[in-house]
Amino acid sequence: MEDLQSLVGIPRIWERLSTVEERLLEASTADDSYLTKIAQHLLIAGGKRFRPLLALLAAEFGDPEDHRPVEAAVAVELIHVGSLYHDDVIDEADTRRGASSANANWTNSVAILAGDFLMARASEVAATHLSQESVRLLAVTYAELVEGQTRELQLTDDLSHSLEDYQQVIGGKTASLIRTSARLGAMAVDADRPVVEALSTWAWEVGMVFQIADDALDLVADEETIGKPAGSDIREGTFTGPVLRAVSGPQGDRVREILGADRPYRDDAVAEVISLVRDGGHVDAALETAATRLTIADAALATLPRSKPREILERLGAYLLERVDSARG
């Protein structure tokens, strides 16, 4: 399948993304070298940088020479990576992005502090280089992230919650920051309000698709592809859309029987649930829902003048779903 570099065929974007990498290290440098090492642990481990990429793409709908989109990209990635430190503590995760998680490498306490530090630096970047509205937007978004994560924790090990509950979780913990990434990028170049709103609508729907696809990958891909063991969500008692669909399907009783046992689940039990979910067509059903969301995203883009950035955004949503198809062969 086409990779992101080929899909986003605007050299300026990739040049700026290199600048973003440099700025991320600058912004995450503390006076204390020990904190710097921990705060930069996940940044150095890499990542897709999907959120900074969206900020820079959205900025193409304004003045392409403006320096502020780089700072917008840095701010959203600092929020994102900071939240990953916290997530790994909550999930008791041992790995992240193919490397040891910060909590496994050091302790839960310092991982939480490093996450807090990155969040604070995100606010500092926005306050220094962007507008007051941008600072407020980041604060509101972080609150949405926390609400989404809190809701997910409340639903841990709960097989009775609905697909609507699941959608609220992923809206808070994922789609909110992806929407903010595009919105902040557009705001950084003073794009017209209708453009900002259209890009925000597009990014919200694509953010939902991003998480639906990610949850599907957890059920169809191997550890090398996703950087963590397959079925990790199930092992953590986090039941995503396809599993919830399976619970209501013909094999629902068997799924309930397996997942109703105490955790940790045996490897063969997790493998059986994954098989029941996949064979029952529940991953496909989730991806169909995602495809419907992409039609809403495309409708928002259709209000913008046709341009190369718009064409890239149109292809980006489909790219997320193609990753799932590619992973399962």
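The values are calculated or read from the model by the stated rules, or taken from the named source; none is laboratory data. What you see is a predicted model, and the numbers here were worked out from it, not measured in a lab. Note: ideal-geometry Cβ built from the backbone for every residue, glycine included; neighbour counts use all protein chains shown.
A few comments on the model shown:
- Among the residues making up the stretch 20-56, a single one is aromatic (F, W, Y) and either under 12 Å from A114 (Cα atoms) or touching a helix residue (DSSP H, G or I) at 6+ places or on another chain (Cβ under 6 Å) (or both): Y34.
- Of residues in the stretch 21-55 being touching an Asp or Glu at 6+ places or on another chain (Cβ under 7 Å) and not in a loop (DSSP other than H, G, I, E, B), the one nearest to S100 (Cα to Cα): L24
- Among the residues listed as T303, T238, T289, T295, the single one being of a type in the set (S, T, N, Q) and farther than 27 Å from L53 by Cα: T238
- Residue tally, condition in a helix (DSSP H, G or I) and either closer than 27 Å to V196 by Cα or not hydroxyl-bearing (S, T, Y) (or both), over the stretch 66-105: 27
- Restricting the stretch 297-307 to residues that are among the aliphatic types (A, V, I, L, M) and surrounded by 15 or more Cβ atoms within 10 Å (Cβ to Cβ), the residue that is nearest to V243 (Cα to Cα): A297
- Single condition L184 does not satisfy, out of (1) buried (at least 22 other Cβ atoms within 10 Å of the Cβ); (2) within 12 Å of the chain's Cα centre (by Cα): (2)
- Test: L304 is out of contact with any strand residue (DSSP E or B) (no Cβ under 7 Å at 6 or more places or on another chain) and either in a helix (DSSP H, G or I) or over 30 Å from G62 (Cβ atoms) (or both): no
- Yes/no for A216 being in contact (Cβ under 8 Å) with a residue 12 or more places away in the chain, surrounded by 19 or more Cβ atoms within 10 Å (Cβ to Cβ), touching a Pro at 6+ places or on another chain (Cβ under 8 Å) and not polar (S, T, N, Q): yes
- Unmet criterion (only one of (1) free of Cβ contacts under 8 Å to residues at least 60 places away in the same chain; (2) surrounded by 11 or more Cβ atoms within 10 Å (Cβ to Cβ); (3) of a type in the set (G, A, S)) for A39: (1)
- Among residues that are of a type in the set (F, W, Y) and in a loop (DSSP other than H, G, I, E, B), F239 is included.
- Of the candidates L145, L177, L155, the single residue that is modelled with pLDDT of 95 or more, within 30 Å of R256 (Cα to Cα) and under 15 Å from the mean Cα position of the chain (by Cα) is L145.
- Answer residue from the stretch 85-99, given it is surrounded by fewer than 19 Cβ atoms within 10 Å (Cβ to Cβ) and within 26 Å of S18 (Cβ to Cβ) and is nearest to the chain's Cα centre (by Cα) among those: R97
- Residues located in the stretch 260-284, provided they are surrounded by 15 or more Cβ atoms within 10 Å (Cβ to Cβ) and either out of contact with any Gly (no Cβ under 8 Å at 6 or more places or on another chain) or assigned to a loop (DSSP other than H, G, I, E, B) (or both): Y265, A269, E272, L276, V277, R278, G280, V283
- Residue in the stretch 226-233 that is among the hydrophobic types (A, V, I, L, M, F, W, C) and within 30 Å of A182 (Cβ to Cβ) present: yes
- Within the set R245, R263, the sole residue that is in contact (Cβ under 8 Å) with a residue 12 or more places away in the chain and closer than 24 Å to G317 by Cα turns out to be R245.
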